[in-house]
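**Student:** The structure follows.
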Amino acid sequence: METENYPQVPTEPLFLTKVENLEQEIKELKAQNQNLKEQLNNKIIHEQQLALVNYSLQTEIIDRQQTEAALRLLVEKLAGEKNDLELILDTTTAHSDTIEALLYDKALSLAREVTIDGLTQIANRRAFDQRLATEWQRLARECSPLSLLLCDVDFFKRFNDRYGHPAGDECLKSVAKAIESCIRRPADLAARYGGEEFAVILPSTQKDGAIYIAEQIGQAINALKIPHEASYVRSYVSVSIGVSTIFPERNIDPKVLVEATDRGLYLAKDQGRDRAVFNIA
């Protein structure tokens, strides 16, 4: 039996072709896989960005809500203060005369506290210093004299030791009132100089006038007849007075008059107290 012979087909090129096709498909799959990975990464990044934006927006919303709440409270507070201010304004307008009077009284009270001695209720040392400086300048322009008296209660420490400080305070009050009663003119000033010392400023007053006022003061205090059994001068309270007069000059310090008057007071004490002694400035 005869066998039919067929032509042989080369199988190797076909195999190579299939291999090449497979390799191409693998490359395409790899490329697609890489592309999918990139898309996935991009999507993840995008989602993270969206999450950050979302968080930022939520934080901003919370901040705005808190700000809105704070502003609401502020508006309510301002509205309340506005009502209070309107009430105060209405009250002030309705009672302006009364309020003005109260403020005026308060101003006078404060001014009095600054210039009035709390115990004796006459001018204090500060008021004395201010008035002396003012009168010094004024009288220097007018070429007029200025006299000064310094009064000291004789043996006042012994008075306090014998009768007690409350009695001493009452004594100083009476002495101050007696001194003030001896001056008449508005420009004159009686002041508590310190402790048991008193001062009297006498503008436009010559030596004779100043000595006359000093004698009047001594007599007024003697007339009080305040018992002073511890005094070495007399059985009643008395004062020693220094007197001095000067024509003020702008280039001279007022303390020269004070020093001269103080020397007169020293002489009055040295000569036996209960008297007035004039000393030339």
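**Student:** In nanometres, what is the gap between the two model label sites at E25 and A51, each 7 Å from Cα along Cα-to-Cβ?
**Tutor:** 3.9 nm
**Student:** Here is a follow-up. Multiply the residue separation of R184 and T59 by 0.36 nm, subtract the distance between their alpha-carbon atoms, and state the gained length in nm to one decimal.
**Tutor:** 36.6 nm
**Student:** For V258, V53, give me the order by solvent-accessible area with a 1.4 Å probe, most accessible first, ignoring ligands, DNA and RNA.
**Tutor:** Heavy-atom accessible area, descending, gives V53, V258.
**Student:** Okay, moving on. Express the relative contact order of the chain as a whole percentage, based on alpha carbon pairs under 8 Å and six or more residues apart in sequence.
**Tutor:** Value for the chain: 17 percent.
**Student:** Sticking with this one: In Å, the Kirkwood hydrodynamic radius of the chain over pairs of distinct alpha carbons?
**Tutor:** For the chain, the Kirkwood estimate is 27.7 Å.
**Student:** What is the Cα centroid distance between region 163-191 and region 36-79, reported in whole angstrom?
**Tutor:** Comparing the Cα centres of region 163-191 and region 36-79, I get a distance of 82 Å.
**Student:** Would you mind counting up the charge near I45? Only other residues with Cβ under 15 Å from its Cβ, with Lys and Arg at +1 and Asp and Glu at -1.
**Tutor:** Overall, the nearby charge balance is 0.
**Student:** Jot down the per residue volume, in cubic angstrom and as a whole number, of the convex hull over the alpha-carbon atoms of region 204-276.
**Tutor:** 86 Å³
**Student:** Helix-only mean residue ellipticity at 222 nm, the chain, DSSP H runs n ≥ 4 weighted -39,500 (n - 2.57), per residue, nearest 500. What is it?
**Tutor:** When only DSSP H runs of four or more count, the value is -23000 deg cm²/dmol.
**Student:** Just the number please: accessible area per residue for the chain, 1.4 Å probe, all protein chains included, in Å².
**Tutor:** For the chain, the solvent-accessible area averages 68 Å² per residue.
**Student:** Next up: List the residues of region 13-29 whose backbone N lies under 11 Å from a point placed 7 Å from the Cα of L36 along the Cα-to-Cβ direction.
**Tutor:** 29
**Student:** Once fully extended, how much extra length lies between V114 and R162, figured as 0.36 nm per residue of separation less the alpha-carbon to alpha-carbon distance?
**Tutor:** Going from the current span to full extension adds 14.0 nm.
The values are calculated or read from the model by the stated rules, or taken from the named source; none is laboratory data. Keep in mind it's a predicted model, so treat the numbers as computed, not measured. Don't worry about glycine lacking a Cβ; one is built from the backbone with ideal geometry, like all the others, and counts go over all protein chains shown. Calculation scope for accessible area: heavy atoms of the full protein, side chains included, ligands and nucleic acids excluded. Shrake-Rupley method; radii C 1.70, N 1.55, O 1.52, S 1.80 Å.
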